[in-house]
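The values are calculated or read from the model by the stated rules, or taken from the named source; none is laboratory data. Not measured: the values here are computed from a predicted model. Backbone-built Cβ (ideal geometry, glycine too); neighbour counts: all protein chains shown. The protein model used for the area step is the full one, side chains on, heavy atoms only, and it has no ligands, DNA or RNA in it. Shrake-Rupley method; radii C 1.70, N 1.55, O 1.52, S 1.80 Å.
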Amino acid sequence: MRILVIGAGALGGYFGACLVRAGRDVTFMVRPGRAAQLARTGLQVTGPHGDFTVPAKTISPDAIRGPFDLILLGVKSYSLDEAMNQFAPAVGPDTAILPVLNGLGHIDRLSVKFGAHPVLGGMANISAGLDAEGRVTHFHPIHDLVFGEVVGGSSERVRAVAAAIGVAGIDARASDAVMHDMWEKFVQLGLGAGITCLMRASIGDILAAPGGREAMFALFDECCAVATASGFPPRPAFIEFDHKLITTVGSPIKWSMLRDIERGSTTEGEHILGDMVARARKLGVATPILDLARTHVAAYEIARAKAAQPAAS
C-alpha cells in the first residue's frame, strides 16, 4: 500500500514515522523548508515509547503525478481547503482518504470535493508537538488511531488499512461505528477546549478554583446534549473516562486550542466551538457555557486580526 501523509507535523510526523520504521511505503507531502530540514536530519521522534529517527521521503504538491492507495490527512481545519487542492492529484478511483482532523465538518467538505466514497471516518488520540528543532515530541503514552466507514460497518478496504497501519507505535483500531467515536471526541473537544480557553487555565487549576468543577460538568452536559440530539448519545465508558479527566486533582492538561492562544496563533475555534454551537442552535439545545467559550475565542481571533493589521500612516 502506497501511503501519502499530508504534512510532517506532530500528528503526521508521528504516525508517518512509525509507519516508515515498520517498513511501509510512505511519502510525506511537505513544504520546501520542511523537506530540506528532513533531508538534513531525518524525521526524529522522541517520547515515552523511545526515541528514533527514520529517513523521510518527501514530495511537493506540484510533483504528485498519480494516485496513492491511502492518504493520511491531519492538517488543521483552517488549512483543509488548501491541502485538498494540493493533494487532489493523488486521489484515484481506489484511493482511501483517512482524515484525523478535529471536529466533524471536514467530512462534508472532503465529500463535496472528492465524493463520499473515498472518505473514511477517523480520529486520533495523541498528545504531541514539534519542538524548535523540528523533532516530533510525543508527550503521553497514548497513540490511538481509529478509523472506519462513515456509513458504519466493516469493509475490505478498512481491513486493508488496518493491516497497513497496525504497526508498533500505533494503536490502530478499525471501528464499525466510527461516527459515534468521532462524536464522542467532538464532545471531549467542546468540553476541554471550551473550558480551558474560557478560563485560560489547565484542568487542575480550574478544578481547584471555586465553581470550577461545577462549570466543567455543566459544559460537559451541554456538549453531551448536542451529541444526543444529533443521534449519537455518549456511551457509558466515554462518560466515565471524561468524568475522570476533569476530576483529576493537579492535572496539567490544556487543550491545544489554549496552547494556540498562548502562542498568539490561529485557533480552530469556529471549526470546533462554533460548529457545535451552530448544531445546538439547529437542534434547539441550550448551551450557555459553550456559547460563552465560543465568544471568548472569537473575540481573541478578532483582536489578533486587528493586531496584525499595519498601522495607519
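For region 267-290, the tally of residues that are among the charged types (D, E, K, R) and surrounded by fewer than 17 Cβ atoms within 10 Å (Cβ to Cβ) stands at 2.
Results for (1) outside any strand (DSSP E or B); (2) farther than 26 Å from Leu120 by Cα; (3) more than 17 Å from the chain's Cα centre (by Cα); (4) among the charged types (D, E, K, R), shown as yes or no for each residue.
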position	(1), (2), (3), (4)
Phe139	no, yes, no, no
Ser154	yes, no, yes, no
Arg159	yes, no, yes, yes
Asp181	yes, no, no, yes
Phe217	yes, yes, yes, no
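Residues in region 161-178 include at least one that is closer than 20 Å to Phe232 by Cα and assigned to a helix (DSSP H, G or I). The listed residues are Ile253, Ile239, and the only one of them that is modelled with pLDDT under 95, more than 16 Å from Ile289 (Cα to Cα) and of a type in the set (Val, Ile, Thr) turns out to be Ile253. When every residue of region 187-194 is checked against the conditions, none turns out to be closer than 29 Å to Gly231 by Cβ and modelled with pLDDT under 95. Against the conditions (1) in contact (Cβ under 8 Å) with a residue 40 or more places away in the chain; (2) within 21 Å of Met179 (Cα to Cα); (3) crowded, with 19+ Cβ neighbours inside 10 Å; (4) not acidic (Asp, Glu), Thr196 satisfies every one except (2). Of the candidates Asp275, Asp291, the single residue that is more than 21 Å from Ser202 (Cβ to Cβ), under 18 Å from the mean Cα position of the chain (by Cα) and either of a type in the set (Asp, Glu) or not in a helix (DSSP H, G or I) (or both) is Asp275. For Gln309, the conditions (1) of a type outside the set (Ser, Thr, Tyr); (2) within 20 Å of the chain's Cα centre (by Cα); (3) modelled with pLDDT under 95 are fulfilled apart from (2).
If you scan region 119-131, which residues turn out to be under 29 Å from Leu245 (Cα atoms) and either in contact with a Ser or Thr (Cβ under 7 Å, 6 or more places away or on another chain) or open to solvent by 30 Å² or more (accessible area, probe 1.4 Å) (or both)? Of everything in region 119-131, those that are under 29 Å from Leu245 (Cα atoms) and either in contact with a Ser or Thr (Cβ under 7 Å, 6 or more places away or on another chain) or open to solvent by 30 Å² or more (accessible area, probe 1.4 Å) (or both) turn out to be Asn125, Ile126, Ser127, Ala128, Gly129, Leu130, Asp131. If only residues of region 80-118 that are of a type in the set (D, E, K, R) and within 20 Å of Asp181 (Cα to Cα) are counted, the one that is least open to solvent (accessible area, probe 1.4 Å) is Arg109.
Only residues that are in a loop (DSSP other than H, G, I, E, B), open to solvent by less than 30 Å² (accessible area, probe 1.4 Å) and under 13 Å from Ile203 (Cα atoms) were counted across region 227-266, and they come to 2.
In region 38-116, counting only strands (runs of 3 or more DSSP E) that sit wholly within it, the ones holding 3 or more residues that are touching a residue at least 40 places away in the same chain (Cβ under 8 Å) span 43-46, 70-73. For first residues located in region 163-179 and at positive phi, partners that are of a type in the set (D, E, K, R) and lie 6+ apart or on another chain with Cβ distances below 9 Å form the pairs Gly169/Arg21.
For residues in region 202-214 being open to solvent by 20 Å² or more (accessible area, probe 1.4 Å) and among the hydrophobic types (A, V, I, L, M, F, W, C), which is nearest to Ile126 (Cα to Cα)? Per the criteria, the residue is Leu207.
Within region 157-183, the set of residues being under 17 Å from Gly231 (Cβ atoms) and open to solvent by 20 Å² or more (accessible area, probe 1.4 Å) comprises Asp176, Ala177, Met179, His180. Among the residues making up region 269-293, those that are touching an Asp or Glu at 6+ places or on another chain (Cβ under 9 Å), of a type in the set (Val, Ile, Thr) and in contact (Cβ under 8 Å) with a residue 24 or more places away in the chain are Val285, Thr287, Ile289. Would region 141-156 turn up any residue that is open to solvent by 30 Å² or more (accessible area, probe 1.4 Å) and touching a Pro at 6+ places or on another chain (Cβ under 9 Å)? Yes; the residues of region 141-156 include at least one that is open to solvent by 30 Å² or more (accessible area, probe 1.4 Å) and touching a Pro at 6+ places or on another chain (Cβ under 9 Å).
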